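The next block holds one structure in the form of structure tokens; read it before the comments.
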Amino acid sequence: MIRLNLTVGPQWLELAPGLHLQVAPLTTALMVSVRADPAIEELTDNASQEEMALIMAKAVARRAVLDWEGVGDDAGDAIPVSPEGIDALLNIWPVFEAFQTQYVARGLMLDAEKNVSAPSPTGPSAGAIDTAPHVPAPARTAQRG
């Protein structure tokens, strides 16, 4: 069963103590727009999985992050959201991991949930439920008499 989140407004994520991001809903339109990101289009065929994950996360975040709290410059002064700031923020490993887990992975989990119906138990299927208990050993062959 797909669980629909009908919330269409932005929400706040706490990625670290004192670090909050306001993000737009993770929609199909947002993810489709990520495909057109220049950084994704410039990926080479020999890019590592790690490089692709970071570039993808940054592209998603540049579209999704609407506001933030707890992000400042070297002097500790709050700075506004910017594409450069988002990229710099996601270069911090714990922030990247939290963003992946709390925002991006939720979309991937929904994708994984879209086909969760069990296979039909009436056919030859690995997902079928056993209807009889297992026997401890095979039965002996009957003797003809």
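Of all positions in segment 12-22, at least one carries a residue that is modelled with pLDDT of 95 or more and in a loop (DSSP other than H, G, I, E, B). Among residues of segment 32-89 being of a type in the set (S, T, N, Q) and either closer than 22 Å to LEU21 by Cα or in a loop (DSSP other than H, G, I, E, B) (or both), the one that is modelled with the lowest pLDDT is THR44. Note on segment 48-81: residues that are exposed (fewer than 12 other Cβ atoms within 10 Å of the Cβ) and over 18 Å from GLU14 (Cα atoms) amount to 8.
The values are calculated or read from the model by the stated rules, or taken from the named source; none is laboratory data. Since the model is a prediction, treat every value here as computed from it, not as a measurement. Positions of Cβ are generated from backbone atoms using ideal geometry, with glycine treated the same way; all protein chains shown enter the neighbour counts.
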